[in-house]
Each structure stands twice: as structure tokens, then as C-alpha cells.
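Values quoted throughout were computed directly from the atomic coordinates according to the rules given, and no laboratory measurement underlies them. Fair warning: this is a prediction, and the values are worked out from it, not measured in the lab. Neighbour counts are summed over all protein chains in view; Cβ atoms, including those assigned to glycine, are modelled from backbone coordinates with ideal geometry.
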Amino acid sequence: MKMKRAKAKQKGFVIVLVLSMIGMLAVLLLGFNYKSRANLLAVDEFRKSQQALNCATAGLNIAIAAIRGAEDISRNNKLAGLFSEETTFPVGDGSCSVNVTEDNGRLNLNLLIDKNGKPNRAGIDQLLRLIDSLNRPSEGTQERSCIGYGIVPAIIDWIDNDDNVTCLDFVTRENLGAESDYYAGLDHPCQCRNGPLDTTEELLLVKGVTPQVFSRIREYVTVRGDGKVNINAASKTVIESLSEKMDKVLAGVIVDRRKVGPFESIMELRDVPGMTDSVYYSIKDVITVSPAEQYYLVESCGSFERLSRTIAAVMRRDTQTKTVDVLLYKEL
């Protein structure tokens, strides 16, 4: 009887051991299967992501070709959509959406100082007027921005090459900048650049430029160009900031006039309804209709099977040689 019981226990142990091994093998197989499926999904996602990036690259190449081949994008009916709004193109089984913005229609913040590194009063006044315009309640709402004047001397201190804190004595509100001592005391300390801004995003490092302030001002300012604003590309808000004699009504009339066709010469502004000699002579030296070097901001979003990739780039076009250089390239 004892031998039979021992054999029965031994058989039971063997069965348990076999079942345990089968269970372990099943777990290993399930784990291997899961890992294999995960790897396959990752590879497939990577493939789709690369396809989406290829579509975005195709959109970037479309923008480069358009900028290189057109005397002025806004004058070319086939390419005007790229300039005025997001335009979508099919790319194989995917697509790309491209938007091109001319940078010459904005205020160049690097020109808040002159060649000698001293504050440029004309550029400063223009930026102050832009801030005033942005701080007014939006049309149809009571919502208003809170952009302080203090960002102006702070930007000046960021781009000038000295360590003297700027105080704008002609500004009655916030008028004190910041140098390295201020930035060294922050939670995330950094050095004051004491050189030109490379990108507008760099403004987020400047004293007083919060993400909210940056989101309001970013589409009206640039860090490139000779300082002359292309009147064919400038927004109503930028045009209004050109002179204290310019008001939003006349700025709106100028924008509406452009819908008929771009200005071929600055003199054509004399024919705009509401334009006076006083206003004309106050803006004629700070505007242009044909920049020597044209700067463009390009954003191309590629899509493939519900995945998307975006490329942002800054391009410069030489109007004499018709060459296009990519100054900044970033995959978002």
C-alpha cells in the first residue's frame, strides 16, 4: 500500500511539475509574443512617422521652389495660397500642409540699438506703439493684453554688448532693463546674451517676456532684415505702429487696398483714401515694397495614416541671385 501511495505521489508531483513547466513556457511564449507584437507596432509606427516626415519634407521643398521661382509670392496667383493661408498638397498616400509667412512685414527687434550699440529711439518708439496697440481690447470683446513697457529696455540689455542696465527716461511706466546680475539670480540662472537675438523664441529668456506675452507679440516681431517693413506683407497692427500719425482706420484701408494687388512703389500709398502728406512722410523711410533680401517663415506639416510630423524653417531669398538659403531648420 505504501509503495502504491508513493508512486501516486510521485506521479502527482510529475504532473504538477509538467503543468508548471507548461505554464512557464506559456508565460514565456506570451511574453515573447507581446514583445514581438510591440516591436512590430513600434517599427510600423516608426515607418509611418518617417513617411509623415517625408511628406513634411516634400512640403518644405515645395515652399523652397515657390520662393526661389517667384519674384514675389504675393504677386503669383498660383502661389498666393501658400503666402496667405495654409495650403494642402497630396504626397503619395499622404499629404502636406504648407504655410509661408514673409518675415519682412514685422519689426526687427535687433535694431532696437544702433550700430554703436546705443538705443535706437525710432525703433523703440515703434515697439512701444506696437505694445499699445496689442494692449487695447480686441474688437468685439473687452479682452486686453498686459504687455509691460519693461520688456523694451530688457530686450535692449539682452542684445547690447555692455553690462549697464538700461533706463529709458522718456518712458513714464516700467523702464528698467536687466543685465547678467538679474539673470544669475533666477531659479534657472543664465547669462545675459549681450548679442543679437538668433530667434524670436529666445525672447522667452528675457526679463518680463512670459509665455503669454510671447504668444501675443511673436507674430509681429522678427530678428532679421534691414529694419524696413514690407508694406505688402505687414499686418494691420504693424502698419499702425509705423508712425504715431498712423491710425488703425488708415492701416485697415492700406490692408484692404492690397487685396486689389500689391503696391508696386511706395508712392502708390499717396493714392490711398485717408493718406495725408503728414502720414506719408512719417512712414516712407521705414517701409519698402521690394526688400533686398526676403525672409520667410515656413511651416510644413506632413500627414500619413493619422500620424503627423512638422518642420519649421527660416529661409532667405536674395532678390538679385534668386538663391534661397535655409537659415534655420527644426523638426517639431
(request) Compare the peptides 317-329, 298-310 by average per-residue count of other Cβ atoms within 10 angstrom and give them in order, highest first. (result) 298-310, 317-329
(message) Using a 10 Å cut-off around each Cβ, can you sort 130, 186 from fewest to most neighbouring Cβ atoms?
(response) 186, 130
(request) Scan around residue 263 for amide H atoms under 5 Å from its own, H built in the peptide plane at 1.01 Å from N, and keep only partners 5 or more places away or cross-chain. (result) none
(request) Could you pull the Cα extents of the stretch 265-309 along its three principal axes, largest to smallest, in whole Å? (result) 57, 25, 15
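For the stretch 142-204, state which GluC sites (Glu not before Pro) are in a DSSP loop and have at most 13 other beta carbons lying within 10 Å of their beta carbon.
Hits after loop and neighbour filter: 143.
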(message) Taking amide H atoms as placed 1.01 Å from N in the peptide plane, list the residues 5 or more away in sequence, or in a different chain, whose amide H sits under 5 Å from that of residue 234.
(response) none
(message) Can you compute 3J(HN,Hα) from phi for each residue in the stretch 266-280, using the Karplus curve 6.51 cos²θ - 1.76 cosθ + 1.60 with θ = phi - 60°, rounded to whole Hz and x for Gly and Pro?
(response) 5, 4, 4, 5, 4, 8, 6, x, x, 6, 10, 4, 4, 5, 4
(request) Measure of size requested: the Rg and Dmax of the stretch 107-225, with Cα atoms as the atom set and Å as the unit; please supply both. (result) 13.9, 44
(request) Would you please state which residues of the stretch 293-332 a label at residue 46 would reach in this model, taking the label point 7 Å out along Cα→Cβ and a backbone N cut-off of under 17 Å? (result) none
(request) Could you sort 52-62, 189-199 so that the peptide with the highest average Cβ count within 10 Å comes first and the rest follow in order? (result) 52-62, 189-199
(request) State to the nearest 20 debye the size of the charge dipole of the stretch 84-183 about its Cα centre, where the only charges are +1 on K and R beta carbons and -1 on D and E beta carbons. (result) 360
(message) To make sure I understand, if each residue's beta carbon is the centre and we count other beta carbons within 10 Å, what order do 46, 263 fall in, fewest to most?
(response) 46, 263
(message) Need the full-extension length gain, residue 245 to residue 165, defined as separation in residues times 0.36 nm minus the C-alpha distance. One decimal, nm.
(response) 25.7 nm
